[in-house]
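Only one structure is covered here, and it is reproduced in the block below.
The values are calculated or read from the model by the stated rules, or taken from the named source; none is laboratory data. Nothing here was measured: the structure is a model prediction, and the numbers come from that model. Heads up, the Cβs are rebuilt from the backbone with ideal geometry, glycines too, and the neighbour counts pull from every protein chain shown.
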C-alpha cells in the first residue's frame, strides 16, 4: 500500500498552500494571484453553497477597496459569506482582520474578529485556544494608549471565565474572576483606565491556563 498523499485538485496551488499559513499571508496570496484566480479557487471550494454572483461581488469588493476602511468592510463581508461554506478560508480572513485591527489600534475591528476566531476554535473542540484569543485582546488593550469600550473588556473577561470553567480550569476561572472584579470596580467608579491604557499596571500580563 502506498504511503503517498492523494492528489487533490486545486485551481490555485498558491492559495491552497496559503491555507496553511496566517491571515496576512493568505491575503498576500490573494493579491498575487488576482481576482479571477481567487474567485475561481473559491468557487471550486464552495460549490453550490454560495450563489456565484454574490460571491463574485464580495471578491470584487475586496480587490477594489480603495481605502483601509473599505478593505476592512470588504474583508468582513467575504469572511461572513464564507463562514459556513469554507470555514478554513473564513478563519484566515478573520485572523487578518484581527491583526489589522491590532496594528491600526481599532479595538472594535479587532474584538469583532476575536469573537469570530474564538467561536471557530470552540466549535472545533478547542476552548483553550478560544480563550487565548480573548486573553490576547485583554493584554493588547492594557498597553499604553490603547482604547476600547469597557464593554469589550467585560465581555472578554466573561468569555475567558466561561471557557476556563468549560475546560475544568477552576483555579484559572477564579483568577480571571478576581481580575474582572478589579476592572469592574474601576469602571463603576468612572476611572479613565476602564477605557484607555493599563487598568492593572501592578499585575503581569494575563496568561492562559496552559502556561500556569
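Can you tell me which residues in region 153-178 are closer than 19 Å to residue 201 by Cα, touching a helix residue (DSSP H, G or I) at 6+ places or on another chain (Cβ under 7 Å) and buried (at least 18 other Cβ atoms within 10 Å of the Cβ)? Answer for region 153-178, where residues must be closer than 19 Å to residue 201 by Cα, touching a helix residue (DSSP H, G or I) at 6+ places or on another chain (Cβ under 7 Å) and buried (at least 18 other Cβ atoms within 10 Å of the Cβ): 153, 156, 157, 176. Checked against (1) buried (at least 21 other Cβ atoms within 10 Å of the Cβ); (2) at positive phi, residue 105 passes all but a single condition, namely (1).
Elements of the type helices (runs of 4 or more DSSP H) sitting completely within region 40-137 and holding at least 2 residues that are modelled with pLDDT under 95, outside the structural domain of residue 173 (by TED's automatic domain parsing) and under 17 Å from residue 163 (Cβ atoms): there are none.
Which residues, taken from region 188-212, are surrounded by 17 or more Cβ atoms within 10 Å (Cβ to Cβ) and either modelled with pLDDT under 95 or over 14 Å from residue 147 (Cβ atoms) (or both)? It would help to see each step written out before you state the result.
Quick first cut of region 188-212, residues surrounded by 17 or more Cβ atoms within 10 Å (Cβ to Cβ) only: 194-195, 199, 206, 208-209.
Matches in region 188-212: 206, 208, 209.
May I ask you to list the residues in region 21-39 that are surrounded by fewer than 17 Cβ atoms within 10 Å (Cβ to Cβ) and either assigned by TED's automatic domain parsing to the domain that holds residue 116 or at pLDDT 95 or above (or both)?
Quick first cut of region 21-39, residues surrounded by fewer than 17 Cβ atoms within 10 Å (Cβ to Cβ) only: 21-22, 24-25, 28, 31-32, 34-37.
If the condition is that a residue be surrounded by fewer than 17 Cβ atoms within 10 Å (Cβ to Cβ) and either assigned by TED's automatic domain parsing to the domain that holds residue 116 or at pLDDT 95 or above (or both), then 22, 24, 25, 28, 31, 32, 34, 35, 36, 37 are the ones that fit.
Give region 122-145 a look and list any residue that's free of Cβ contacts under 8 Å to residues at least 24 places away in the same chain and surrounded by fewer than 19 Cβ atoms within 10 Å (Cβ to Cβ), or say none. Result: 123, 124, 125, 126, 129.
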